[in-house]
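The values are calculated or read from the model by the stated rules, or taken from the named source; none is laboratory data. Since the model is a prediction, treat every value here as computed from it, not as a measurement. Backbone-built Cβ (ideal geometry, glycine too); neighbour counts: all protein chains shown. The area values use the complete protein model at the heavy-atom level, side chains included, leaving out ligands, DNA and RNA. Shrake-Rupley method; radii C 1.70, N 1.55, O 1.52, S 1.80 Å.
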Amino acid sequence: MQTASRALRASAGRTRSGFGAAATQLRANHTQPQPQAHTGTADASPRTTSFGFRTVPEDSKESLVKNVFDSVASNYDLMNDATSMGVHRIWKDTFVGDLRPGRRGPMRCIDVAGGTGDIALRILDHAREEYADRETSVEVVDINAQMLKEGFKRFKKTMYHNTPQVSFHEANAQSLPKEKFLDNTYDLYTIAFGIRNCTSIPDVLKEAHRVLKPGATFACLEFSKVNNPLLAAAYDQYSFSVIPLLGTILAGDRDSYQYLIESIRKFPSQPTFAQMIRDAGFSTGADEDGGAWTDLWGGIASIHTGVKV
């Protein structure tokens, strides 16, 4: 994957819950997709991966995902409302609240695939409101410039505008530029509803491990596997019948919403993803709900955490 670099300064803000600040956007390649599959002979056939339910050449997935998020960027919150029945806001509050940023003093955080900044806003608000912490900072990283533009627009309304507490960077989560994102730098790495869109989840996890300090926390909020058969059947019916229709009605874009649903179904199960996190060098809890992960709404989404050892 190529990485071109482009530096771009920005600032952002919001009044009650937010962050703004000098923002540097590094042009790179997109973050996120999924496990890779190899087809054919080792020396001739191209590597492939999943794009929803389709199998595509690995080197084309990034541009396909970019097209999806270019399309949905201006309606991103609406998209999340559709895919989560509106409860993604509660899940994000739980995600950040459980991490308790600021509890042990100012933190340096990196929020990956966080272009619109809703997780970063929550981190900064939590630190300020719960611990009177105005020194915690968040570096928001996304591969998609359109998503970052939406976040920038939001942050201009916040009290964090033009402060060192937030910056924005256009970069690839699978290969964060080492000259900008140094080894052993961050106290907290968050990624919410983004890692399933990456071409190589193991590469994203390795980069997370690299940039975190020893003892620091990796935290991921992602759609997951529903374990209750009745709930799973109802959720499948809603997902495949209602959500693409909502995409057509609300955003005029059925295909992007169809991909997002398919990408959820292709994401690894909770135990499989927990093992991937351990394989990257993190320590996790036991392979159970309340251990390596915490299920939300019966597993429609899950929070995974790991500690760099």
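Summary of computed values
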| quantity | calculated |
| --- | --- |
| Residue match in the range 165-172 (condition: of a type outside the set (Asp, Glu) and in a helix (DSSP H, G or I)) | no |
| Sole residue being in a helix (DSSP H, G or I) and out of contact with any helix residue (DSSP H, G or I) (no Cβ under 9 Å at 6 or more places or on another chain), chosen from Pro244, Pro271 | Pro271 |
| Strands (runs of 3 or more DSSP E) lying entirely in the range 39-125 (those with 3 or more residues that are of a type in the set (S, T, N, Q) and at pLDDT 70 or above) | none |
| Which numbered condition Thr190 misses (of (1) surrounded by fewer than 24 Cβ atoms within 10 Å (Cβ to Cβ); (2) part of a strand (DSSP E or B)) | (1) |
| Near pairs, Cβ below 6 angstrom, 6+ apart or cross-chain, from the range 166-194 (within 22 Å of Lys156 (Cβ to Cβ)) to any residue that is among the β-branched types (Val, Ile, Thr) and open to solvent by 10 Å² or more (accessible area, probe 1.4 Å) | Ser167/Thr24; His169/Thr24 |
| The range 214-225 - residue that is out of contact with any Leu (no Cβ under 6 Å at 6 or more places or on another chain) and open to solvent by 30 Å² or more (accessible area, probe 1.4 Å) and, of those, nearest to Leu296 (Cα to Cα) | Lys225 |
| Positions within the range 127-162 being of a type in the set (S, T, N, Q) and at pLDDT 95 or above, in sequence order | Thr136, Ser137, Thr158 |
| Counted residues, the range 297-309 - those being open to solvent by 20 Å² or more (accessible area, probe 1.4 Å), touching a helix residue (DSSP H, G or I) at 6+ places or on another chain (Cβ under 9 Å) and of a type in the set (A, V, I, L, M, F, W, C) | 1 |
| Of the criteria (1) closer than 18 Å to Thr217 by Cβ; (2) open to solvent by 30 Å² or more (accessible area, probe 1.4 Å); (3) of a type outside the set (A, V, I, L, M, F, W, C); (4) without any contact (Cβ under 8 Å) to a residue 60 or more places away in the chain, which one Thr272 fails | (1) |
| Residue in the range 154-162 that is in a helix (DSSP H, G or I), farther than 26 Å from Ile277 by Cα and charged (D, E, K, R) present | yes |
| Filter result for the condition that a residue is modelled with pLDDT of 95 or more, buried (at least 18 other Cβ atoms within 10 Å of the Cβ), over 19 Å from Phe282 (Cβ atoms) and aliphatic (A, V, I, L, M), over Val204, Val211, Val166 | Val166 |
| Checklist (1) touching a residue at least 24 places away in the same chain (Cβ under 8 Å); (2) more than 21 Å from the chain's Cα centre (by Cα); (3) over 30 Å from Asn184 (Cα atoms) applied to Gly252, failing item | (1) |
| Subset of the range 108-147 that is open to solvent by 40 Å² or more (accessible area, probe 1.4 Å) and touching a residue at least 60 places away in the same chain (Cβ under 8 Å) - its residue that is farthest from Leu188 (Cα to Cα) | Gln146 |
| Sole exception among (1) touching a residue at least 24 places away in the same chain (Cβ under 8 Å); (2) among the aliphatic types (A, V, I, L, M); (3) closer than 27 Å to Thr49 by Cα; (4) not in a loop (DSSP other than H, G, I, E, B) for Val226, by number | (4) |
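Here's the yes/no breakdown for (1) over 19 Å from Ala292 (Cβ atoms); (2) hydroxyl-bearing (Ser, Thr, Tyr); (3) under 15 Å from the mean Cα position of the chain (by Cα):
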residue: His209; (1), (2), (3): no, no, no
residue: Leu212; (1), (2), (3): no, no, no
residue: Ala219; (1), (2), (3): no, no, yes
residue: Pro229; (1), (2), (3): yes, no, no
